[in-house]
Amino acid sequence: MTVTDIARQVLEDRVSDSTVQTPRYSIEVESYSDSYAVLRVSGDLDMSSRTALTHNLGQLTASGADVLIDLSAVSFMYSGAVNAVITSALASDGSVRVFAPTRPARMVIESLGAAALLVDHRPSSLLPR
């Protein structure tokens with residue numbers, strides 16, 4: 001057995017032992033018509049979720065649909081995920097709205113100045129008036 005064979009075996013062992021992390025979030029699309037869809041998001045919207053969120057929003061808004069994003073099951077929301085929502089809303093001329101955000105999601109949305117995207121828009125007692 002050569003040094004190269006040993007190195008290859010060690011690498012194969014490391015790859016087979018490494019655990020593949022499954023996402024801690026889910027994104028589901030419910031299309032009710034060509035012009036209306038609900039994007040249901042749940043779990044932890046961390047850095048790894050931004051690409052999937054951007055992709056789904058892009059597909060829905062490109063079709064011209066009004067999109068309602070349901071954040072009622074989000075336990076954590078990274079500011080980059082909120083920025084993906086804001087960017088999509090700006091690019092679609094307001095056809096993207098956010099419904100039922102959990103407290104953690106609402107706090108990030110409001111702190112980034114995007115409370116106008118909330119369907120149930122109400123001032124937060126956490127923000128100065």
Label 7 Å along Cα→Cβ of SER26; segment 60-91 residues with amide nitrogen under 13 Å?
73-74
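What net charge is computed for the residues neighbouring GLY64, neighbours being all others with C-beta under 14 Å from the C-beta of GLY64, Lys and Arg scored +1, Asp and Glu -1? Can you show the working numbers first?
Working: positive: none; negative: ASP34, ASP66, ASP93.
Local charge sum for GLY64: -3.
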Which residues does a label at THR87 reach in segment 40-57, if reach means a backbone N under 11 Å from a point 7 Å past the Cα toward the Cβ?
50-55
Dipole of segment 47-110, Cα-centred, from +1 at each Lys and Arg C-beta and -1 at each Asp and Glu C-beta, to the nearest 20 debye?
180 debye
Evaluate the distance, in nm, between pseudo-label points positioned 7 Å from the Cα of SER33 and of ALA100 along their respective Cα→Cβ axes.
2.2 nm
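Any read-out appearing in this document is the output of simple, stated calculations on the displayed coordinates, not a laboratory observation. A quick note: this is a predicted structure, and the numbers were derived from the prediction, not measured. Counting neighbours? That spans all protein chains shown, and the Cβs are built from the backbone with ideal geometry, glycine included.
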